[in-house]
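K.L.:
I'd like to ask some things about the structure below.
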Amino acid sequence: MSSEWEAVIGLEVHVQLSTRSKIFSGATTAYGAEPNTQVSFVDAALPGTLPVPNRGAIERAIEFGLAVGATVAERSVFARKNYFYPDLPKGYQISQYELPIVSGGSVKARLEDGREIEVALTRAHLEEDAGKSVHDAFHAASGVDLNRAGTPLLEVVSEPVMHSAAEAVAYMKALHRLVRWLGICDGNMQEGSFRCDANVSVRRPGAPLGTRNEIKNVNSFRFVEKAIDYEIERQIRALENGETIVQATRLYDAAANRTRTMRSKEDALDYRYFPDPDLPPLLLDASDLERARARLPELPDARRRRFIEQLGLPEYDADKLTEERAWSDYFESMLQVLPAQAKLCANWVLGELASALNADQIAIEDSRVDASALAALLARIADQTISGKIAKDVFAAMWAGEGTADAIIDARGLRQITDDGALAGAIEALIAQFPEQIAKYRAGDEKIFQFLIGQLMKATRGKANPAQLNQMLRSRL
Amino acid sequence: MSALRFADIAGWRAAAADQDPIAAARTMAEAAQPALNALITPAVVTGPHTATAGGALAGIPYAHKDLFCTAGLRTTAGSRMLDGFVPPYDATVSARLDQAGAVCIGKANMDEFAMGSSNENSAFGAVRNPWDLQRVPGGSSGGSAALVAAGIVPFATGSDTGGSVRQPAAFCGVTGFKPSYGRISRYGMIAFASSLDQAGVIARHARDCAEVLNCLAGFDPRDATSVERPAEDFVAACDRGVRGLRIGIARELYSAGIRSEIADCTRAALAELERAGALLVDIELPRLQLSVPAYYVIAPAEASSNLARYDGVRYGHRAEAARDLNDLYARSRSEGFGTEVKRRILVGTFVLSAGYYDAYYLRAQQVRRLIAEDFARAFAGVDVIAGPTTPDVAFRIGEKADDPLAMYAADINTVAVNLAGLPAISVPCGFVDGLPVGLQLIGPAWGEASLFAAAHGYQQISDWHFRTPQFGAGVPS
């Protein structure tokens, strides 16, 4: 990219709220059912039906607002966005327009190079999702699946404050982490639970904002990055060729890695927003906010800071352990048992546990070894009953369902040999078995020492305490 | 059969002890249909109905405005668009009447989507006024008013968005009641203008309206605009009497457009109330004149959005062999909607459009607030406000069909009530040119009790509501 240009990016992210039922009806929001099997009379917009707001969706929006330090409106208003489309049964979408439930706030994000940005939010508003048009299922006809119609969404709108695709993706990832952390969204991008529209413009640094193009409905981090990069390039190329940018809505074609115009400003729809007369203004008082605040978990940034400052974890570990709430909670549960062993716990969660989960492709919530069982194992390292190396074998046995750490250690006779007499005997046997090597060591060949230790570990089937063995062998020789 | 043509619910109830009033009402309705055209769809009623079943309205026949969804019974809203639409569910009003034991004998004719004041805007033909078959019964609840006036049913449901219960009641010489906004659930009542629509009742007697209201009033979790309030007995309120009742007389309800004979009729009625102990108090409603223009911005705006769901995609009229999506929309809606509905959709779409919203919709909403404030100020000193329901008596069919503005202007005394969300009732108070005249009584929000005290009190000292049209004689007995 030419350095004379500056990109300006703002994102609108549609966060699907994790309520069991829809935002204005009692139909279920479960994903993947047969078409049109999760459609109430309200969702189908039968004559005479009326929307009734879902408390759960409102509560989730409040929690989000509090978590990003935004203003949660005492009075917000549902509005109708009017347009015709077959997957929009009422002929309007219920959204919020002039008075959204959440205004302001910000989200901190860290880029891959370690740089931190804070992205200001314009607003977040509640709205309903549309259904889905199906164009390939029937000959010469399109189908409409209304299962998704009325699914609750929180549209989170950022200020146009990002300047590269990398920043946009870092922000989107931070937002994704936050909504999953809060438990207000399952974050499943394949199922469309977290989707993004990106507004992109370019300008000369310091100049007024350029004309923007909006890339609609991108549902993966990688595609967002590629789509924005492509769009920045495209606009710069156009401007450098003396063309002007035409405001338009664009679609990203992942296969071709390009964006193409969906409609230009001239074709822009007039949505004729007006307050929905079926829904009284949404009034919230201090007690609604207090209850939401009480439900809020410790937020990831605060927890990360605590891990570093109070537990002394390295930044890397703290980052990893605050990416997902379930991992973080698992780690915290272990600390209940082993409060003084934060680093040991972190190593094991991010090491052995992570690879075991990964190998079996299971989520930490479904781990075959739970936090207290793993902590019990690590307690045996801490009290020197077993070595770290042996612990890995015990963990594998636990993973295979062979029982608790202690039971496996006892059954397999894995207790570490810490008895000086037993180790001294092994050392005498070594001296008898490897006279040449002993002589070399005594002549100053330091390298041979590791060989001797290796032989001793072999002789004790790994159960010797390595530090003790080390010290005893040196003093004997 | 003529023995069953009782004036009130009590009479029907007494007869039901040993006869089948449902069969009688159905027979009369069928016989009257060629002359009145008051029903769109007769109900299939199974089995004999006697008052043996429980419920406050057990065994009482009624006509149901074809705006209320009835499970398994065609519901058209008077529109070709919904010709053949059979709802899979009951409106809350339908369900509550059912629970009370009342029996629907058919769906009453109405102006299409409740838009009109003459019942000429019905896709199923005009309804005729039983007092003069060449004249309109008023609208939009014209079928309901005609059936009650002809003595075929003791009560009928209506809906009132700008006078659609009160005006036809006045034209047909019966009593028409519209409650405070939020008193009766709108769930299942096909929407015209959501912030103005309320279900209402047409009966011969105010007391019967109160009795039906007792069954219909109350919060409904399926309508977010219905209001939770302590239960009230409106029948008991009827007997409070008019002594000491403060009745406000507003000069603005006697504007230049009100025919002097009509004004005289209502003044005579008020004088009688005064003799019965009521106090007449002069009040002002300075911004009443603005109510018609404000109403004809707000109601069409909401209607343009409410009627967007009739797109030919899921139910209702669908154009044959559409070339593409836009053709399907354009032709389904062009063919399905009548002229007046199209006019209001166009007006509503215009006033919500970008660049016009502030000047029309927003300004109309401001005017609406001012009108509500006028009423609130007036009600600080009076219990009810009285004046003519309509500027003139029922006009000839076709007389105003080409002059929508004249038709709208005649709503001058009724629409302000809806803009302010107030309860009101029209009671018969005399005749001009042999045609009935209505006295409108308006109450403060949630002041139905005072309203019924005044209306019933008046009906205790007058007999206009007992007068029946000559037409009744034509019904075979």
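The values are calculated or read from the model by the stated rules, or taken from the named source; none is laboratory data. Remember, it's a predicted structure, so these values are computed and weren't measured experimentally. Virtual Cβ from ideal backbone geometry, glycine too; neighbours counted across all protein chains shown.
K.L.:
Return only the number of the condition from (1) crowded, with 19+ Cβ neighbours inside 10 Å; (2) closer than 21 Å to B:TRP464 by Cα that B:ALA268 does not satisfy.
P.N.:
For B:ALA268, the exception is condition (1).
Conditions tested, residue by residue: (1) within 11 Å of chain A (Cβ to nearest Cβ); (2) part of a helix (DSSP H, G or I); (3) β-branched (Val, Ile, Thr).
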{"position": "B:ASP223", "(1), (2), (3)": "yes, no, no"}
{"position": "B:GLU228", "(1), (2), (3)": "no, no, no"}
{"position": "B:GLY257", "(1), (2), (3)": "no, no, no"}
{"position": "B:ALA268", "(1), (2), (3)": "no, yes, no"}
{"position": "B:GLN289", "(1), (2), (3)": "no, yes, no"}
{"position": "B:VAL292", "(1), (2), (3)": "no, yes, yes"}
{"position": "B:LEU307", "(1), (2), (3)": "yes, yes, no"}
{"position": "B:ASP311", "(1), (2), (3)": "yes, no, no"}
{"position": "B:GLU320", "(1), (2), (3)": "no, no, no"}
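K.L.:
Which of the numbered conditions does B:GLY84 fail, given that it passes all the others? Conditions: (1) under 30 Å from A:ASP276 (Cβ atoms); (2) surrounded by fewer than 24 Cβ atoms within 10 Å (Cβ to Cβ); (3) away from chain A (no Cβ under 14 Å).
P.N.:
The number of the failed condition is (3).
K.L.:
Here's a follow-up. Suppose we keep only residues that are without any contact (Cβ under 8 Å) to a residue 24 or more places away in the chain and not acidic (Asp, Glu) within the stretch A:93-127. Which one would you say is farthest from the other protein chains (Cβ to nearest Cβ)?
P.N.:
So, considering only residues that are without any contact (Cβ under 8 Å) to a residue 24 or more places away in the chain and not acidic (Asp, Glu), the one farthest from the other protein chains (Cβ to nearest Cβ) is A:GLY114.
K.L.:
Looking at (1) at pLDDT below 95; (2) in contact with a strand residue (DSSP E or B) (Cβ under 8 Å, 6 or more places away or on another chain); (3) of a type outside the set (D, E, K, R), which is the only condition B:VAL393 fails?
P.N.:
Against the list (1) at pLDDT below 95; (2) in contact with a strand residue (DSSP E or B) (Cβ under 8 Å, 6 or more places away or on another chain); (3) of a type outside the set (D, E, K, R), B:VAL393 comes up short only on (1).
K.L.:
Report, by residue number, each residue of the stretch A:40-53 that is surrounded by fewer than 23 Cβ atoms within 10 Å (Cβ to Cβ) and more than 9 Å from every other protein chain (Cβ to nearest Cβ).
P.N.:
A:SER40
K.L.:
For the stretch A:61-72, what are the residues that are farther than 11 Å from A:HIS125 by Cα and assigned to a helix (DSSP H, G or I)?
P.N.:
A:GLU63, A:LEU66, A:ALA67
K.L.:
Looking only at the stretch A:71-92, count every residue that is touching an Asp or Glu at 6+ places or on another chain (Cβ under 7 Å) and closer than 17 Å to A:VAL156 by Cα and tell me the total.
P.N.:
Number of matching residues: 3.
K.L.:
Right, another one. Would you mind finding the one in B:THR175, B:THR225 that is on the phi < 0 side of the Ramachandran plot and in contact (Cβ under 8 Å) with a residue 60 or more places away in the chain?
P.N.:
Unique residue meeting the criteria: B:THR175.
K.L.:
Mind listing whichever residues of the stretch A:141-175 are part of a helix (DSSP H, G or I) and hydroxyl-bearing (Ser, Thr, Tyr)?
P.N.:
Correct list: A:TYR171 only.
K.L.:
So for the stretch B:187-205 (the condition being surrounded by fewer than 24 Cβ atoms within 10 Å (Cβ to Cβ), of a type in the set (Lys, Arg) and in the same structural domain as B:LEU422 (by TED's automatic domain parsing)), does at least one residue qualify?
P.N.:
Looking for residues that are surrounded by fewer than 24 Cβ atoms within 10 Å (Cβ to Cβ), of a type in the set (Lys, Arg) and in the same structural domain as B:LEU422 (by TED's automatic domain parsing), one finds none in the stretch B:187-205, hence no.
K.L.:
Please determine, by comparing only the residues of the stretch A:12-39 that are of a type in the set (Gly, Ala, Ser), over 22 Å from B:PHE85 (Cβ atoms) and in contact (Cβ under 8 Å) with a residue 60 or more places away in the chain, which one is nearest to the other protein chains (Cβ to nearest Cβ).
P.N.:
Restricting to residues being of a type in the set (Gly, Ala, Ser), over 22 Å from B:PHE85 (Cβ atoms) and in contact (Cβ under 8 Å) with a residue 60 or more places away in the chain, the top hit is A:ALA33.
K.L.:
Further question on the same structure: Regarding A:ARG234, is this residue surrounded by 11 or more Cβ atoms within 10 Å (Cβ to Cβ) and either of a type in the set (Val, Ile, Thr) or at pLDDT below 95 (or both)?
P.N.:
Here the answer is no, as A:ARG234 does not meet what is asked.
K.L.:
Residues in the stretch B:342-352: is at least one free of Cβ contacts under 8 Å to residues at least 40 places away in the same chain and within 9 Å of chain A (Cβ to nearest Cβ)?
P.N.:
no
K.L.:
Continuing with the same structure: Quickly run through the stretch B:312-341 and pick out the residues that are surrounded by 15 or more Cβ atoms within 10 Å (Cβ to Cβ), over 9 Å from B:MET81 (Cα atoms) and charged (D, E, K, R).
P.N.:
Listed by number, the residues that qualify are B:ARG314, B:ARG331, B:GLU340.
K.L.:
If you take the residues in the stretch B:51-81 that are touching a Leu at 6+ places or on another chain (Cβ under 6 Å) and within 13 Å of chain A (Cβ to nearest Cβ), which one is surrounded by the fewest Cβ atoms within 10 Å (Cβ to Cβ)?
P.N.:
Among those that are touching a Leu at 6+ places or on another chain (Cβ under 6 Å) and within 13 Å of chain A (Cβ to nearest Cβ), it is B:THR76.
K.L.:
Only one of A:LEU473, A:LEU414 is in contact (Cβ under 8 Å) with a residue 12 or more places away in the chain, part of a loop (DSSP other than H, G, I, E, B) and either of a type outside the set (S, T, N, Q) or closer than 21 Å to A:ASP370 by Cα (or both). Can you tell me which?
P.N.:
Going through A:LEU473, A:LEU414 in turn, the sole match is A:LEU414.
K.L.:
Please find, within the stretch B:167-186, the residue that is surrounded by the fewest Cβ atoms within 10 Å (Cβ to Cβ) out of those that are away from every other protein chain (no Cβ under 14 Å) and among the small types (Gly, Ala, Ser).
P.N.:
In this case the residue turns out to be B:SER180.
K.L.:
Let me ask something additional. State the number of residues belonging to the stretch A:1-52 that are more than 29 Å from B:ILE190 (Cβ to Cβ), of a type outside the set (D, E, K, R) and not in a loop (DSSP other than H, G, I, E, B).
P.N.:
9
K.L.:
Something else now. Restricting attention to the stretch B:1-42, and to residues there that are at pLDDT below 80 and in a helix (DSSP H, G or I), which single residue is nearest to the chain's Cα centre (by Cα)?
P.N.:
Selected residue: B:LEU4.
K.L.:
Another one. Please specify each residue of the stretch A:263-272 satisfying the condition of being surrounded by fewer than 20 Cβ atoms within 10 Å (Cβ to Cβ) and either in contact (Cβ under 8 Å) with a residue 24 or more places away in the chain or more than 30 Å from A:THR249 (Cα to Cα) (or both).
P.N.:
A:LEU269, A:TYR271
K.L.:
Next question. Identify all residues within the stretch B:187-220 that are part of a loop (DSSP other than H, G, I, E, B), within 14 Å of chain A (Cβ to nearest Cβ) and touching a helix residue (DSSP H, G or I) at 6+ places or on another chain (Cβ under 8 Å); write none if there are none.
P.N.:
Selection gives B:TYR187, B:GLY188, B:ILE190, B:ALA191, B:PHE192, B:ALA193, B:SER194, B:SER195, B:LEU196, B:ASP197, B:ASP220.
K.L.:
Looking at (1) in contact with a Cys (Cβ under 6 Å, 6 or more places away or on another chain); (2) within 30 Å of B:PHE350 (Cβ to Cβ); (3) touching a residue at least 12 places away in the same chain (Cβ under 8 Å), which one does A:LEU50 not meet, given that it meets all the others?
P.N.:
So A:LEU50 meets the others, but not (1).
K.L.:
Is the stretch B:272-279 home to any residue that is surrounded by 17 or more Cβ atoms within 10 Å (Cβ to Cβ) and away from chain A (no Cβ under 14 Å)?
P.N.:
Yes.
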